[in-house]
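Visitor: Before we start, here is the structure in question, set down as C-alpha coordinates.
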Amino acid sequence: MTDAPADALAATPTAGPGRDTALRDLRRQFHAVRALLAGVGERELDLLTPAEGWAVRHQIGHLADTEEVAADTVTAGPRTFAEALRPYPDAEAFTAAGAHRADGRGRDELLAWLIRAQEATLAALAGAGERTRVPWGLGLSVRAFTQARLMESWAHGWDLGRALGVPDRLTAEAWHVASLGYDTLRFALVRARVRIPPGRTLRLDLEAGPFGRWTFGPEDATDVVVGPADAWVRTVTRRSAERARERLRTDGPLARLAVAHAKAYL
(Lines give C-alpha, C1' and ligand atoms only; values in the text may rest on other atoms or scores of the structure.)
Protein backbone atom coordinates (compact mmCIF):
# COMPACT_ATOMS: atom_id res chain seq x y z
CA MET A 1 0.00 0.00 0.00
CA THR A 2 1.55 3.26 -1.07
CA ASP A 3 -1.27 5.74 -1.55
CA ALA A 4 -1.56 8.50 1.03
CA PRO A 5 -4.35 8.96 3.55
CA ALA A 6 -6.09 12.30 3.56
CA ASP A 7 -6.27 14.27 6.80
CA ALA A 8 -9.95 14.20 7.73
CA LEU A 9 -13.56 13.25 7.66
CA ALA A 10 -14.44 16.69 8.98
CA ALA A 11 -12.44 19.89 9.48
CA THR A 12 -10.34 18.39 12.27
CA PRO A 13 -9.00 14.86 12.61
CA THR A 14 -9.89 12.62 15.52
CA ALA A 15 -8.66 13.94 18.85
CA GLY A 16 -6.42 11.42 20.51
CA PRO A 17 -2.84 10.66 21.44
CA GLY A 18 -0.31 13.24 20.29
CA ARG A 19 2.67 12.93 18.01
CA ASP A 20 5.01 11.47 20.67
CA THR A 21 2.52 8.78 21.67
CA ALA A 22 1.91 7.89 18.03
CA LEU A 23 5.67 7.58 17.52
CA ARG A 24 5.97 5.33 20.58
CA ASP A 25 3.18 3.14 19.24
CA LEU A 26 4.79 3.00 15.81
CA ARG A 27 7.96 1.69 17.42
CA ARG A 28 5.92 -0.96 19.22
CA GLN A 29 4.24 -1.96 15.98
CA PHE A 30 7.58 -2.26 14.23
CA HIS A 31 8.85 -4.48 17.04
CA ALA A 32 5.71 -6.62 16.80
CA VAL A 33 6.48 -7.32 13.14
CA ARG A 34 10.08 -8.13 13.99
CA ALA A 35 8.90 -10.55 16.69
CA LEU A 36 6.53 -12.17 14.19
CA LEU A 37 9.44 -12.73 11.81
CA ALA A 38 11.96 -13.82 14.42
CA GLY A 39 11.30 -17.53 13.90
CA VAL A 40 11.09 -17.40 10.12
CA GLY A 41 13.61 -19.57 8.30
CA GLU A 42 14.71 -19.60 4.68
CA ARG A 43 11.91 -21.97 3.65
CA GLU A 44 9.16 -19.82 5.20
CA LEU A 45 10.20 -16.87 3.06
CA ASP A 46 8.40 -18.46 0.13
CA LEU A 47 5.12 -19.14 1.92
CA LEU A 48 2.28 -17.38 0.11
CA THR A 49 0.43 -14.58 1.90
CA PRO A 50 -3.14 -13.30 1.31
CA ALA A 51 -1.78 -10.69 -1.12
CA GLU A 52 -2.02 -12.31 -4.55
CA GLY A 53 1.40 -13.33 -5.86
CA TRP A 54 3.24 -12.18 -2.75
CA ALA A 55 5.19 -14.54 -0.52
CA VAL A 56 6.53 -13.68 2.93
CA ARG A 57 9.72 -12.31 1.34
CA HIS A 58 7.72 -9.85 -0.78
CA GLN A 59 5.86 -8.55 2.26
CA ILE A 60 9.19 -7.92 3.98
CA GLY A 61 10.57 -6.29 0.84
CA HIS A 62 7.56 -4.00 0.54
CA LEU A 63 7.73 -2.93 4.17
CA ALA A 64 11.47 -2.25 4.00
CA ASP A 65 11.27 -0.44 0.67
CA THR A 66 8.44 1.85 1.72
CA GLU A 67 10.10 2.70 5.04
CA GLU A 68 13.18 3.76 3.11
CA VAL A 69 10.97 6.04 1.03
CA ALA A 70 9.11 7.25 4.13
CA ALA A 71 12.32 8.27 5.89
CA ASP A 72 13.63 10.12 2.83
CA THR A 73 10.27 11.85 2.36
CA VAL A 74 10.36 13.23 5.90
CA THR A 75 14.00 14.32 5.67
CA ALA A 76 14.00 15.47 2.02
CA GLY A 77 16.45 12.71 1.15
CA PRO A 78 17.15 11.49 -2.39
CA ARG A 79 14.35 8.93 -2.53
CA THR A 80 11.28 10.90 -1.56
CA PHE A 81 7.82 9.57 -2.38
CA ALA A 82 7.56 11.80 -5.46
CA GLU A 83 11.01 10.83 -6.72
CA ALA A 84 10.53 7.12 -5.98
CA LEU A 85 7.33 7.07 -8.03
CA ARG A 86 8.81 8.96 -10.98
CA PRO A 87 10.29 5.97 -12.90
CA TYR A 88 7.05 3.97 -12.76
CA PRO A 89 3.78 4.30 -14.70
CA ASP A 90 1.71 4.13 -11.51
CA ALA A 91 1.82 3.42 -7.77
CA GLU A 92 1.06 -0.26 -8.32
CA ALA A 93 4.18 -0.69 -10.45
CA PHE A 94 6.26 1.10 -7.82
CA THR A 95 4.83 -1.15 -5.09
CA ALA A 96 5.53 -4.32 -7.07
CA ALA A 97 9.10 -3.24 -7.80
CA GLY A 98 9.75 -2.58 -4.12
CA ALA A 99 8.37 -5.96 -3.09
CA HIS A 100 10.53 -7.75 -5.65
CA ARG A 101 13.67 -6.13 -4.28
CA ALA A 102 13.41 -9.04 -1.83
CA ASP A 103 13.94 -11.65 -4.56
CA GLY A 104 17.15 -13.60 -4.11
CA ARG A 105 17.90 -12.24 -0.66
CA GLY A 106 18.38 -14.51 2.33
CA ARG A 107 16.49 -14.33 5.60
CA ASP A 108 19.17 -12.49 7.60
CA GLU A 109 19.72 -9.92 4.87
CA LEU A 110 15.98 -9.26 4.58
CA LEU A 111 15.46 -8.80 8.31
CA ALA A 112 18.49 -6.54 8.60
CA TRP A 113 17.13 -4.44 5.72
CA LEU A 114 13.71 -4.19 7.35
CA ILE A 115 15.10 -3.18 10.74
CA ARG A 116 17.43 -0.61 9.20
CA ALA A 117 14.55 0.93 7.22
CA GLN A 118 12.19 0.98 10.22
CA GLU A 119 14.81 2.66 12.40
CA ALA A 120 15.40 5.26 9.70
CA THR A 121 11.69 6.13 9.70
CA LEU A 122 11.59 6.39 13.49
CA ALA A 123 14.62 8.66 13.52
CA ALA A 124 13.23 10.85 10.76
CA LEU A 125 9.89 11.29 12.50
CA ALA A 126 11.51 11.93 15.88
CA GLY A 127 13.58 14.70 14.31
CA ALA A 128 10.72 16.37 12.44
CA GLY A 129 9.30 19.64 13.71
CA GLU A 130 5.79 19.76 15.13
CA ARG A 131 4.54 21.85 12.21
CA THR A 132 6.22 19.77 9.50
CA ARG A 133 4.03 18.72 6.60
CA VAL A 134 5.19 15.46 5.07
CA PRO A 135 4.90 15.63 1.24
CA TRP A 136 3.35 12.20 0.79
CA GLY A 137 0.40 12.36 -1.58
CA LEU A 138 -1.66 15.40 -0.62
CA GLY A 139 0.58 16.10 2.37
CA LEU A 140 0.20 14.98 5.98
CA SER A 141 0.93 16.24 9.45
CA VAL A 142 3.71 14.38 11.25
CA ARG A 143 1.16 12.73 13.54
CA ALA A 144 -1.02 11.58 10.63
CA PHE A 145 2.01 10.30 8.73
CA THR A 146 3.15 8.39 11.81
CA GLN A 147 -0.28 6.78 12.00
CA ALA A 148 -0.11 5.98 8.30
CA ARG A 149 3.20 4.17 8.75
CA LEU A 150 1.71 2.24 11.66
CA MET A 151 -1.30 1.30 9.54
CA GLU A 152 0.96 0.04 6.76
CA SER A 153 2.97 -2.08 9.19
CA TRP A 154 -0.17 -3.40 10.88
CA ALA A 155 -1.86 -4.39 7.61
CA HIS A 156 1.13 -6.20 6.16
CA GLY A 157 1.84 -7.70 9.56
CA TRP A 158 -1.65 -9.17 9.35
CA ASP A 159 -0.76 -10.69 5.97
CA LEU A 160 2.41 -12.16 7.44
CA GLY A 161 0.51 -13.59 10.38
CA ARG A 162 -1.91 -15.39 8.09
CA ALA A 163 0.94 -16.92 6.09
CA LEU A 164 2.79 -18.00 9.23
CA GLY A 165 -0.28 -19.40 11.00
CA VAL A 166 -0.28 -16.83 13.81
CA PRO A 167 -3.78 -16.22 15.29
CA ASP A 168 -5.34 -12.74 15.14
CA ARG A 169 -4.81 -10.64 18.25
CA LEU A 170 -6.03 -7.08 18.64
CA THR A 171 -3.33 -4.78 19.99
CA ALA A 172 -3.53 -1.34 21.55
CA GLU A 173 -1.59 0.07 18.59
CA ALA A 174 -4.47 -0.83 16.26
CA TRP A 175 -6.32 2.18 17.74
CA HIS A 176 -4.38 4.31 15.27
CA VAL A 177 -5.59 2.17 12.38
CA ALA A 178 -9.19 2.56 13.56
CA SER A 179 -8.70 6.30 13.94
CA LEU A 180 -7.16 6.68 10.50
CA GLY A 181 -10.04 4.73 8.97
CA TYR A 182 -12.44 7.27 10.46
CA ASP A 183 -10.40 10.37 9.65
CA THR A 184 -9.99 9.43 5.98
CA LEU A 185 -13.61 8.48 5.42
CA ARG A 186 -14.76 11.58 3.56
CA PHE A 187 -11.85 11.31 1.15
CA ALA A 188 -12.50 7.58 0.71
CA LEU A 189 -16.11 8.28 -0.26
CA VAL A 190 -15.04 10.98 -2.70
CA ARG A 191 -12.51 8.61 -4.27
CA ALA A 192 -15.20 5.93 -4.51
CA ARG A 193 -17.41 8.50 -6.30
CA VAL A 194 -20.12 8.02 -3.73
CA ARG A 195 -22.50 10.86 -2.91
CA ILE A 196 -22.11 11.85 0.74
CA PRO A 197 -25.57 12.23 2.31
CA PRO A 198 -26.03 15.89 3.32
CA GLY A 199 -26.47 16.69 6.99
CA ARG A 200 -25.30 13.28 8.21
CA THR A 201 -22.61 12.73 10.82
CA LEU A 202 -20.97 9.49 11.93
CA ARG A 203 -19.96 7.90 15.19
CA LEU A 204 -18.01 4.67 15.61
CA ASP A 205 -18.63 2.62 18.75
CA LEU A 206 -16.13 -0.22 18.74
CA GLU A 207 -15.60 -2.97 21.31
CA ALA A 208 -11.86 -3.44 21.80
CA GLY A 209 -11.81 -6.23 24.38
CA PRO A 210 -9.12 -5.58 27.03
CA PHE A 211 -8.67 -2.05 25.67
CA GLY A 212 -12.26 -1.01 26.41
CA ARG A 213 -14.35 0.86 23.86
CA TRP A 214 -12.90 2.89 21.04
CA THR A 215 -15.24 5.68 20.00
CA PHE A 216 -14.83 8.23 17.22
CA GLY A 217 -17.16 11.02 16.16
CA PRO A 218 -19.76 13.16 17.92
CA GLU A 219 -22.02 11.65 20.57
CA ASP A 220 -25.08 13.12 18.86
CA ALA A 221 -24.18 11.76 15.41
CA THR A 222 -27.04 10.91 13.09
CA ASP A 223 -25.41 7.61 12.06
CA VAL A 224 -23.60 4.93 14.05
CA VAL A 225 -21.36 1.94 13.30
CA VAL A 226 -21.20 -0.57 16.15
CA GLY A 227 -19.12 -3.72 16.43
CA PRO A 228 -15.74 -5.25 17.21
CA ALA A 229 -12.71 -3.01 16.75
CA ASP A 230 -10.85 -5.74 14.88
CA ALA A 231 -13.67 -5.91 12.34
CA TRP A 232 -13.41 -2.17 11.67
CA VAL A 233 -9.62 -2.16 11.29
CA ARG A 234 -9.76 -5.13 8.92
CA THR A 235 -12.49 -3.37 6.95
CA VAL A 236 -10.49 -0.16 6.50
CA THR A 237 -7.29 -2.03 5.57
CA ARG A 238 -9.17 -4.46 3.28
CA ARG A 239 -8.02 -7.57 5.16
CA SER A 240 -10.75 -10.24 4.79
CA ALA A 241 -13.00 -7.18 4.66
CA GLU A 242 -16.13 -8.93 3.41
CA ARG A 243 -16.24 -11.17 6.47
CA ALA A 244 -15.28 -8.28 8.74
CA ARG A 245 -18.13 -6.10 7.45
CA GLU A 246 -20.65 -8.75 8.43
CA ARG A 247 -19.68 -8.20 12.07
CA LEU A 248 -20.42 -4.46 11.99
CA ARG A 249 -23.92 -3.10 12.63
CA THR A 250 -24.94 0.10 10.89
CA ASP A 251 -27.65 2.65 11.61
CA GLY A 252 -28.11 5.28 8.93
CA PRO A 253 -27.08 5.83 5.30
CA LEU A 254 -23.66 7.34 6.10
CA ALA A 255 -22.89 4.42 8.39
CA ARG A 256 -23.71 1.96 5.62
CA LEU A 257 -21.53 3.84 3.16
CA ALA A 258 -18.71 3.95 5.69
CA VAL A 259 -18.68 0.19 6.15
CA ALA A 260 -18.88 -0.36 2.40
CA HIS A 261 -16.17 2.13 1.32
CA ALA A 262 -13.91 3.11 4.24
CA LYS A 263 -10.28 2.69 3.34
CA ALA A 264 -7.37 3.93 5.44
CA TYR A 265 -5.02 4.06 2.44
CA LEU A 266 -6.18 5.90 -0.66
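Visitor: For the stretch 227-241, which residues satisfy the criterion of being over 17 Å from the mean Cα position of the chain (by Cα) and surrounded by fewer than 16 Cβ atoms within 10 Å (Cβ to Cβ)? If you could, list the steps in order and put the result at the bottom.
Guide: If we filter the stretch 227-241 for residues that are over 17 Å from the mean Cα position of the chain (by Cα), which is where we start, we get 227-228.
Listed by number, the list is empty, since nothing qualifies.
Visitor: Run Ala172 past the list (1) surrounded by fewer than 18 Cβ atoms within 10 Å (Cβ to Cβ); (2) closer than 13 Å to Arg19 by Cβ and report the number of the one that doesn't hold.
Guide: (2)
Visitor: Does Ala244 fit the bill of being among the aliphatic types (A, V, I, L, M), open to solvent by less than 20 Å² (accessible area, probe 1.4 Å), touching a residue at least 24 places away in the same chain (Cβ under 8 Å) and in contact with a strand residue (DSSP E or B) (Cβ under 9 Å, 6 or more places away or on another chain)?
Guide: no
Visitor: Would you pick out the residues in the stretch 234-254 that are closer than 17 Å to Ala208 by Cα and part of a strand (DSSP E or B)?
Guide: Arg249
Visitor: Identify the single condition in (1) closer than 27 Å to Gly127 by Cα; (2) in contact with an Asp or Glu (Cβ under 8 Å, 6 or more places away or on another chain); (3) open to solvent by 40 Å² or more (accessible area, probe 1.4 Å) that Arg101 does not satisfy, given that it satisfies every other one.
Guide: Of everything listed in (1) closer than 27 Å to Gly127 by Cα; (2) in contact with an Asp or Glu (Cβ under 8 Å, 6 or more places away or on another chain); (3) open to solvent by 40 Å² or more (accessible area, probe 1.4 Å), Arg101 misses just condition (1).
Visitor: When you go through (1) in contact with a Phe, Trp or Tyr (Cβ under 7 Å, 6 or more places away or on another chain); (2) exposed (fewer than 15 other Cβ atoms within 10 Å of the Cβ); (3) among the aliphatic types (A, V, I, L, M) one by one for Leu204, which number turns out not to apply?
Guide: Status for Leu204: all satisfied but (2).
Visitor: Out of Phe216, Phe187, I need the residue that is touching a residue at least 40 places away in the same chain (Cβ under 8 Å), under 20 Å from Ala144 (Cα atoms), hydrophobic (A, V, I, L, M, F, W, C) and surrounded by fewer than 20 Cβ atoms within 10 Å (Cβ to Cβ). Which one?
Guide: Phe187
The rows are residues; the columns are (1) outside any helix (DSSP H, G or I); (2) more than 26 Å from Trp54 (Cβ to Cβ); (3) in contact with a helix residue (DSSP H, G or I) (Cβ under 6 Å, 6 or more places away or on another chain).
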{"position": "Val166", "(1), (2), (3)": "yes, no, no"}
{"position": "Arg186", "(1), (2), (3)": "no, yes, no"}
{"position": "Leu189", "(1), (2), (3)": "no, yes, yes"}
{"position": "Leu206", "(1), (2), (3)": "yes, yes, yes"}
{"position": "Val226", "(1), (2), (3)": "yes, yes, no"}
{"position": "Trp232", "(1), (2), (3)": "no, no, yes"}
{"position": "Arg256", "(1), (2), (3)": "no, yes, no"}
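Visitor: Which residues, taken from the stretch 143-154, are closer than 14 Å to Ala64 by Cα and not acidic (Asp, Glu)? Please lay out each step first, then the result.
Guide: Residues of the stretch 143-154 closer than 14 Å to Ala64 by Cα: 149-150, 152-154.
Residues satisfying the conditions are Arg149, Leu150, Ser153, Trp154.
Visitor: Residue under question is Leu138, and the condition is that it be over 22 Å from Phe81 (Cα atoms) and outside any helix (DSSP H, G or I); does it hold?
Guide: Taking the combined requirement at face value, the residue does not satisfy it.
Visitor: If you don't mind, there's one more thing I want to ask. Given Ala144, Ala124, Ala128, which one is crowded, with 18+ Cβ neighbours inside 10 Å and more than 19 Å from the chain's Cα centre (by Cα)?
Guide: Values: Ala144 fails: more than 19 Å from the chain's Cα centre (by Cα); Ala124 fails: more than 19 Å from the chain's Cα centre (by Cα).
Criteria check complete, one pass: Ala128.
Visitor: Going by what's in this entry, would Ala112 be described as free of Cβ contacts under 8 Å to residues at least 24 places away in the same chain, open to solvent by 40 Å² or more (accessible area, probe 1.4 Å) and assigned to a helix (DSSP H, G or I)? Step through it out loud before you land on a result.
Guide: Working: free of Cβ contacts under 8 Å to residues at least 24 places away in the same chain: yes; open to solvent by 40 Å² or more (accessible area, probe 1.4 Å): yes; assigned to a helix (DSSP H, G or I): yes.
Criteria met by Ala112.
The values are calculated or read from the model by the stated rules, or taken from the named source; none is laboratory data. All values reported here derive from a predicted model rather than from experimental measurement. Ideal geometry is used to build each Cβ from the backbone, glycine not excepted, and the neighbour counts take in all protein chains shown. The protein model used for the area step is the full one, side chains on, heavy atoms only, and it has no ligands, DNA or RNA in it. Shrake-Rupley method; radii C 1.70, N 1.55, O 1.52, S 1.80 Å.
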